[in-house]
1. Using only Cα atoms, tell me the angle between helix B:330-339 and the longest principal axis of chain B; keep it within 0 to 90° and round to the nearest 10.
2. For the Cα atoms of chain B, what angle does the longest principal axis make with the long axis of helix B:110-122, in degrees from 0 to 90, nearest 10?
3. Sorted from fewest to most neighbouring beta carbons within 10 Å, what does the list B:186, A:184 look like?
4. Averaging sequence separations of C-alpha pairs under 8 Å and six or more residues apart, then dividing by the length of segment B:480-551, give the relative contact order as a whole percent.
5. I'd like the mean, over residues of B:330-342, of how many other protein chain beta carbons sit within 10 Å of each residue's own Cβ.
6. Relative contact order (percent) for chain B, with alpha-carbon contacts under 8 angstrom and 6 or more residues of separation?
7. Cα centroids of segment B:425-462 and segment A:24-81: how far apart, whole angstrom?
8. Going by the alpha-carbon gyration tensor, a ≥ b ≥ c the square roots of its eigenvalues, is segment B:143-297 rounded (a/c under 1.5) or, if a/c is not under 1.5, prolate (a/b greater than b/c) versus oblate?
């Protein structure tokens, strides 16, 4: 007799061997909140919600594959991925499709790709690999090299210009360097230098970037564009009150006052309907996500996996903080989606690549112990 | 910094920094929480009131799209106002029931329902979607009487785009259509979202797409008070929209019409350019289509018919068809030889009717050859042997260099489509091109034998009619080259200010006048005593030209008999010309697909176009093929 139940059980265990359940549970909860909010934002048809559910399924399959790749193997992707990303960025610089002054896309026959998206993963991977390689002989000069590895793609993306993505890529790389032990004196030096160079940096910004920051200070200057978004999003959040107006009852949302309501401004929809209570809950979920990620980083066995896990986790934080900050009117409007909540497939895939890497680091460590 | 290399200290430092990160994250989230408390608890009453008072909404007012007129002011694209019946799905309840009920008082066809379904799928939320367009006054009145029964259904006055000339110049003008996801991406990448609020149509092809952001105008808005259902009650403030800019073309609509008629039901293309400016006088691609079909969203049947038709009416042959230039290449070859010092006008060859290279014989069309042939005779009688030898003497790289400077094998950058990626490059053969084109090493090498048929415009050569017309115009303009363009000026509707699109030439080839004169003299000879003489018999002006025939089908040495070959396999007929020869006002390239000899079907079209443009002579209908026209061109 074949032990059918046993085979199924063993097969199942094999399938889930590299899934980290706390991490999975937290992301599924955030995505559940996201789907409900997308439904509310587009409630006359469930078309977008179903689409997004499909995107989630697809992204999670990618996560599953990535989680099965051991970290040692991930290391070997670092250089090819980084170089490919860099070459593509140079290609964008040289032959990119220019649309009204911004070159972000590269045409590859049938479709167009945005190479800066690759750098969101390639950058921390590369730097973590670099510090692992020089772990035993680390000198200050290595921080300078790491800084250059960070700066070149950053400059290429900022030049496109796409400041939002450049900041995200820059942050992901900076976190690796920070965790690798960049001296506090240097960090402090940059903060001071950055502060005093602010007027100079302001002049380097493009017109539309300057306009976005000015709009933040006085939203009424751009009533049909970004200023209107900020005003209406703030009203939505504020009128939500402590307990919210209830699911599907947001007047700001359903009377069409909130723009981009299922993508970048989804937080305004959520906040109007669920209030301070809901916001608190969401912050707790994000804190749990970040906490779990940092726990994985803390327990990781190699320098590479520590740095990578730490940087990816703080990447999630950066996304969430910038998005909620911009929707609630304390940061300028840049195109950063709310992680695991906003509608859109590309961002989900990038996020779940990160989750997959975290799971790989966590579960392969446990296997080593056994 | 010695402690960099102590693993234990490293780990401690890492753990410390993780702790620091945790503190930082918590602080940052605390700032957010603080902001939420400020907005949702402390300022709650204020925002609550504002949300309740948020009865004031901004309604975008879509600007009038710019009007397109030809060089003489003939309107080619404009707008008219008509009533549409629209449904806002979020307010209308059950859609099917609503539409059924509407159908009882207003005529709603199955195709209207189909279109509504499709638009509903593509629509942004809360947008109102047309169920019927172009209501009659009677229908508007009928609906008004029943309006109370239909919440979320409204009659709206909307502007519609119309192309009064119908199918004429449709490839140049292009058309507009409903905004799709792909257009949205374009708008977003161009940072124009705010300006496209309320706009539901956008340029899809041709000038309508290339000049989209000129034609669109600035969206205005109205601050209105709305009731709880979202319906406007009272207007508070109105910022009027700024209409889009008008386009004044270099195109001559009448010339365009005459040219299209001259093609009859033949497939092909003609591009006519004003040499002194690069302005396009006529750009024809036949068959054409009616752009008005696209404005309301084309019906699936019409789309299928246009898209699957074997003669491909949707393709703009002027910029997307690449054809071997055949013998129209010869004047450019001769000019290259003069400029590079490879030939003098007097230098003559003795033509036995073939040219042997290695163990291959390249044949001339005329059995027994043309006898002694100098440069003049080589063009007038289209002698192949002269150019086989010339190409061999010059070498492929010299040919490619000179033809490249005339713009052949490169996108002209004509102002059509979103950007120039919609234009074909054609093929300018060279060693580098071949290396890039083929994968296998033995195919990548350029063989000297391949250069020989390049000399008569065959082989790998392939150019668009636009490129040929540009090269001809450059020749007519003594080497001063312009980017071909359809729009002469953009007229700001408000200030009346005019902006020239292309005021300056892109380059001067610095040709020697002496050499240009030799070529002109020979091309005039073509139409006096050579292959174009029948087509231009009795013309009261001097015209420089050259016929050409481009091979579609290789006959492998067999004699080409036109009637023995199926229509789709007949050769393409070409003709290039400029007139008047001494002071050119028009330069053109004609291509008739499967037209046989250039003299037979392409040259008569050119005659009609030039007759009308220079003399104002109106022809009657299509140009006739002239089966008796002699062609002395190669079918190597």
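1. Here the helix axis deviates by roughly 80 degrees.
2. For helix B:110-122, the angle is close to 80 degrees.
3. A:184, B:186
4. 24
5. Taking the mean over all residues of the peptide, I get 0.
6. Relative contact order here is 14 percent.
7. A separation of 49 Å, based on Cα centres.
8. Because a/c hits 1.5 or more and a/b exceeds b/c, segment B:143-297 counts as prolate.
Since every read-out is calculated from the coordinates, none of them should be taken as a lab result. Everything quoted here is computed from the prediction, not taken from an experiment. In this analysis, Cβ positions are derived from the backbone assuming ideal geometry, glycine residues included, and neighbour counts consider all displayed protein chains.
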